[in-house]
Amino acid sequence: MKRILLTAGLAALASAAPAQSKVEIFGVADVGVARVSGTGVSKTGLSTGGANISRLGFRGTEDLGGGLKAGFWLEAGMDVDTGAGKAAGSSGLAFNRRSTVSLLGHWGEVRLGRDDSASFLNTLIFDPFLTNGVGGTMAFTILGIPGAANATGGAPIQISNAVSYFLPPNLGGFYGQAQIARGEQPSGAPNHNQGNYRGLRLGYRQGPLHAALAAGKLHGDTSANDLTASNVGLSYDLGMVKPMLLWASEKRGSLKVTALQLGATAPLGNGELRASYGHYNTADSNADWNKISVGYGYNFSKRTQVYGTYGYVKNKDGASRSIGVQGLGATGTSPGGSSSGIEVGIRHFF
Amino acid sequence: MKRILLTAGLAALASAAPAQSKVEIFGVADVGVARVSGTGVSKTGLSTGGANISRLGFRGTEDLGGGLKAGFWLEAGMDVDTGAGKAAGSSGLAFNRRSTVSLLGHWGEVRLGRDDSASFLNTLIFDPFLTNGVGGTMAFTILGIPGAANATGGAPIQISNAVSYFLPPNLGGFYGQAQIARGEQPSGAPNHNQGNYRGLRLGYRQGPLHAALAAGKLHGDTSANDLTASNVGLSYDLGMVKPMLLWASEKRGSLKVTALQLGATAPLGNGELRASYGHYNTADSNADWNKISVGYGYNFSKRTQVYGTYGYVKNKDGASRSIGVQGLGATGTSPGGSSSGIEVGIRHFF
Amino acid sequence: MKRILLTAGLAALASAAPAQSKVEIFGVADVGVARVSGTGVSKTGLSTGGANISRLGFRGTEDLGGGLKAGFWLEAGMDVDTGAGKAAGSSGLAFNRRSTVSLLGHWGEVRLGRDDSASFLNTLIFDPFLTNGVGGTMAFTILGIPGAANATGGAPIQISNAVSYFLPPNLGGFYGQAQIARGEQPSGAPNHNQGNYRGLRLGYRQGPLHAALAAGKLHGDTSANDLTASNVGLSYDLGMVKPMLLWASEKRGSLKVTALQLGATAPLGNGELRASYGHYNTADSNADWNKISVGYGYNFSKRTQVYGTYGYVKNKDGASRSIGVQGLGATGTSPGGSSSGIEVGIRHFF
C-alpha cells in the first residue's frame, strides 16, 4: 500500500528517512597492466579482475523472527579499465553475477534467481588464482555448447532462472547445494529441455582440510549436445603452505576434456605466494595442453592488494590455447605453440 | 567550482566525508516460480515482479527553506530471475521507471524527467494485483500505436521528457496531476507532434473512500494513429473487504477497447486475499475476452511477502489473448482459446 | 565467513561488516526545458546536463598508513530526461565517465582505468558553462577521427585503458598530470598504434590566478589521421568578476581548428552570471564560426541551482555548426546560417 502511494506520486518524496541500513553496497575494483603473447604477436594494455572480478553490488538481509531470514543480493560485473558493464549483448551494467532473493532458516537456504552454477564453484575455490587473470585455471567452460538458451558458450559460470537449496551451516563442516534452472522453452517443442540445468555440490571443511565435489548437466539443443561438468577439489592448509588439487572434467557427445591441476598458496611477508600447474587432457590426445602459473599478492591492508602474476601455456600439436585476460583479451596462438601472460595490478575491496 | 576541482582530479578523493545521508537506496526484489499455459502449450520457469515490479533506486530530498524542497528520484527496473536491466533496446540497467528532479512547495510539485504517465496510474491503484504477475489487470497498453517516438507499443506506462505538476497534499483528500511530454520532433516535420503526450489525473481519497479518474492522449505518426486512454477507479474499504472498480478505455482511430474490472482485497490472517474479474470489450464484439484472478499474499514482515496467484483468460472466437508474466513471457493461445497462469513467489522491499 | 561460502569460499571477500562507510554515493541530477533552433527549424523538449552533466557515482578511499591511500571511483553518466545511461552502443548505464583505482601518496597519485583525458579538462575549467548545455564552449572534440579504437569521434573527453600520474597537492599552487592510454591493438598489425593516447596537463593556481596548459595526441588508423589537441587557459578572480581565457586547437593532417574564447563569471545576488564569446578558426577561413553565450544560475542552496542560458552561433558561408544540447540534440543549420539555443533547468547535487 505504501509502495502504491509512492509510485503514484502522492507525498512521494516524504518517506526518505533512515533506510540506509537496509542496503549494503559492496564491490571489488581490480585493474592492472597486462601483456599477453601468442605466436609472433602480443598485446599490452589495461586488464581488470586479475585477482578478483570487478563488481558492484547491493545486498541485505532481514530478520523475520523465529530463525527465519530473508535476503536479497544484486551484483553487477564490470571492466574497470573501460567502465563497461557485462549485460548480455551490450556494455551496460546488469546484475549478471548474482540477482537473487533468499529465505534462510535453521533448515538451510532457498535461493531464487541468477547465481553461480553449482558445477562452477570448485574450480574457483581450489585454484590459487580463483580462475582470474593470466594465472587462473582453464578448468571450466572449456567445451562450447551449441544453442544453449540459458548459458553462454559452455558449462555455465552463472546461470539464470535457478532455484537452489543450500544446507545450513554448522553441520560439522559439511556443506552442500542442489540447483535446478530452467531454459524456459515451451512444452512440446522438440528441444523443450534446452537450457535446463541441474547441479549438485557437496563439501567438507574442517580445520586445515577442505574437500568438495560437484557435478552439473546442461541440456543442449539436442541430447547429443548435452554438456556434463564434474569436478573434485582438495586442499590442506599446512600453515607454511596450502597445497590444493583440482580435477575437473567436461563432456559433450564424443568430446571430453579433463583437467588436473596442482596448486599452492603460501603466506610470505605481508602477502601470499601462488602457484599452479595444470594438465588439460582432451579426447584427442594430440590436443592436450599444460599451463603453469606463479604469482604474488602483497596486502597493503585487508582490502587493498597489489599483485603480480605470470602464466604460461604450452600446447601439443593439435591445440592452440592461449592466455587471455579480462579487459585485454588474448592473442592468437598457432597449433602447438605457446602463450604467456604477465600482469601487475591492484585489487581494492569496498 | 568545487565540482570542477573534483572532476579535474585535484585532491579529488579527499571530500568523501558524510554524504551518505543525501541518498536513500531503495528497491524491490520479487522473484517466483510460474507456469503459463495457452492452447496445447505451457512454459514453466522463474518469473519476476509477480507482486511488485523489481527495481533498484536512488532518491533524496533537500530542504531549501521557506517550505521549498528539491528532490531527485532515479529508479531502474530489472528482472531478478536473470539479473537483466530494462534499458531501451538492451538488457542493461537504466532508470526506465523514473528519472526525475522535483521542486516541491506549499503550492505542489513540479517534476521533470521520465515518470509514470498520468493515464497509467489508476489501472495500478485500482487493481488488486497492481497490474503485475499472472493476476494483473490487462486494462492498460492494450492498443498498439505505430511509430510512437516517445513511448513503446501503446499507451505509455512511463513516459520520457515529461513535465508534471502535482497538487499539494492536504487538500481535504483531493489530489491531482497534469502532465505534458514531448516527442521532441523537429518543427515543420509532417509528424512534428509524434510522441507528444498530455495527461490529467484527479482523485479523492478520504477515510475508506478512494476515487480517481484520468485521461491521456499520445500523438501517433499521423493523427489517425493518435491514441487516447481514459480510466476511472473507485474503491471503498469496508474493513473486512475492500471492493474496487476499474473502468479503462483505449481508443485509436476505429479501434477501441474498454475494460471493466471488479476487484477486491481482504485481510486474512497475516496477509491479504486478492481477487478480480475483468471484461474486455472491443470494437469487434467477437474479439472480447474475460479474465479472472485470485491470489493470496502472506506477510512475513512489512518488507517480505510470499504470494501465490492464479489467473485465467477466456477469449471469444476472434480474440487470442494470453497470460504472460515478466521474466517468463507468454505462450500462444488459439483464437477463442483460453490461457492460464499460476505463480508462487517472494517479494522483498529494501 | 558467510560471505566466503557465498561467493567464493576463500577469505577473499570476508570483510562484510559495517561497510556502508566505505562507499560514498554521489551524483548530479540536472534536467531542463530547452529549445534549439537552426535554419528554419527548431526543436523543443527536455534537456539534461545543462549546467552539470547528470551522473551517479560510487567512490571511496582507504587509508593504508604511512601517508598512502587507495581509492576507487565509479561514475556513470545518464540522461535524466529519459533515464537512459551512456554505455557504448546502448542506452544502459555504464561507468563511462570514470572507472578508476588509485594509489595516492606524498609523491602524488597513480590512477588506472577510464578517466577524463588530460587534454580535455582545460576546456571545461576555463569555460563559464563547463562545456555544458546551450552555452558551453565548442572548443573540444571538434575534429572527427576515423577509426579510433579507444575514443569516440574525436579528441577524447574520457579515455579508457589509461594510466595517469598526478602531481601531489601543496606544490605552491602547481599541479599536473601525465597520462597514457592504450588502444590495445595486437603488435605487428599495420595500425598497432591505433587508439594509443598520451597527454600532459600543467597548471598553476594561487590566490586569484589560475593558469593551465595541456596537450594530447591520439593515434588514428594511419599516422595521417593522428589527432593532436592543445589548449591554454587563464582566469583571474577580481571578486566582482572573474574573466577567463581559453585557447584550444585541434589538428589532424591538413585539418586544423583553433578556438579562442573569452569568458567571465560574476557573482550576482544568490547566484552567478556567466558569459562567453568564442571565435572558431578553421584551416579553411571561410568555415569559421562564432558563438556567444549568456546565462545566470540562481542558487537555492549549495546543492540546488536553477539556471537559464542562451547561446547563439553564427557561421561563415562554409560552416554549418549548430547548437545541440544533451537529451534533445540539435537541428540542422544551413551553411552560413545561424543557430540558437535557450534552456531553463534545475541542477541538483547529491
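The values are calculated or read from the model by the stated rules, or taken from the named source; none is laboratory data. Bear in mind that the values here come from a model prediction, so they are computed numbers and not experimental data. All Cβ positions, even for glycine, are placed from backbone atoms using ideal geometry, and neighbour counts span all protein chains on display. Quick note on the areas: whole protein, heavy atoms, side chains included, nothing else; ligands and nucleic acids left out. Shrake-Rupley method; radii C 1.70, N 1.55, O 1.52, S 1.80 Å.
Numbers for the structure displayed
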quantity	calculated
Under 15 Å from the Cα of B:Lys69 - aspartates and glutamates, other chains or at least 8 residues apart	B:Glu109
Partner chain coverage, peptide C:107-115 - average Cβ within 10 angstrom	5
Rounded FRET efficiency, nearest 0.05, which uses the C-beta distance separating C:Ile180 from C:Ala88 and R0 of 25 Å	0.75
Complex-versus-alone comparison for region C:85-102, residues with a loss of 50 Å² or more in accessible area, probe 1.4 Å	C:Ser91, C:Leu93, C:Phe95, C:Val101
Inter-chain shielding of C:55-65 (mean C-beta neighbours from other protein chains, 10 Å cut-off)	5
Residues in region A:299-348 occluded by at least 50 Å² - accessible area, probe radius 1.4 Å, against chain by itself	A:Phe300, A:Arg303, A:Ile346, A:His348
Kirkwood Rh (inverse of mean 1/r, distinct Cα pairs), region C:243-350, angstrom	15.4 Å
Computed FRET value (nearest 0.05) for A:Leu202 with A:His106, which takes r as the C-beta separation and R₀ as 30 Å	0.95
Derived scalar couplings ³J(HN,Hα) [region B:215-231; Karplus, 6.51 cos²θ - 1.76 cosθ + 1.60; whole Hz; x for Gly, Pro]	8, x, 10, 10, 7, x, 5, 9, 5, 5, 9, 4, 10, 10, 10, 9, 7
Burial ranking of peptide ranges A:178-191, C:92-105 (average Cβ count within 10 Å, highest at the top)	C:92-105, A:178-191
Average accessible area per residue (Å²) across the protein assembly as shown - probe 1.4 Å, nucleic acids and ligands excluded	36 Å²
Cβ-vector label at 7 Å, A:Pro335, separations to other copies in nm	5.8, 5.8
Overall form of region C:92-208 per C-alpha gyration tensor (a/c, 1.5; a/b vs b/c)	oblate
Choice from B:Gly337, B:Gly60, B:Gly263 showing the highest fluctuation, given a GNM over chain B with Cα pairs closer than 10 Å	B:Gly60
FRET E, pair C:Leu245, B:Ser187, Förster distance 56 Å, beta-carbon r, rounded to 0.05	0.95
Reduction of at least 40 Å² in accessible surface, 1.4 Å probe, comparing all protein chains with the chain by itself, residues of region B:174-188	B:Arg182, B:Glu184, B:Ser187
Whether region B:261-316 is rounded, prolate or oblate, judged on the alpha carbon gyration tensor where a/c under 1.5 counts as rounded	prolate
The protein assembly as shown: Rg to Rh, with Rh as the Kirkwood radius over Cα pairs	0.97
Peptides ranked, highest mean first, by Cβ atoms within 10 Å: ranges B:62-69, A:41-48	A:41-48, B:62-69
Using θ = phi - 60° and Karplus 6.51 cos²θ - 1.76 cosθ + 1.60, couplings along region A:66-83 (whole Hz; Gly, Pro as x)	x, x, 9, 9, 10, x, 10, 8, 10, 9, 10, x, 7, 9, 5, 5, 10, x
Pairwise label distance in nanometres, C:Leu268 with A:Leu255, each label 7 Å out on the Cα-Cβ vector	7.0 nm
Reachable aspartates and glutamates from B:Lys22, criterion Cα separation under 18 angstrom, eight or more residues apart if same chain	A:Glu24, B:Glu62, B:Asp63, B:Glu75, C:Glu24, C:Asp30, C:Glu75
Shielding by partners, peptide B:28-35 (average Cβ within 10 angstrom, other chains)	5
Net charge, B:Glu24 excluded, C-beta distance under 13 Å - Lys, Arg +1, Asp, Glu -1	+1
With every protein chain in place, region C:4-349: carbon and sulfur % of accessible area (1.4 Å)	61 percent
Accessible area buried at the A-C interface, both sides summed, 1.4 Å probe (Å², nearest 100)	4300 Å²
Summed residue charge, Cβ within 13 Å of A:Ser187's Cβ, Lys/Arg positive, Asp/Glu negative	+2
Backbone HN-Hα couplings from phi across region A:167-184 [Karplus 6.51/-1.76/1.60, Hz, Gly and Pro as x]	4, x, x, 6, 9, x, x, 7, 9, x, 8, 10, 9, 10, 9, 10, x, 6
Radius ratio Rg over Rh of region C:4-349, counting only Cα atoms, Kirkwood formula for Rh	0.98
Intensity falloff of region B:19-136 expressed as log10 I(q)/I(0), Debye formula with alpha-carbon point scatterers, at q = 0.19 Å⁻¹	-1.15
Label 7 Å beyond Cα on the Cβ vector: B:Pro243 copy-to-copy distances, nm	7.9, 7.9
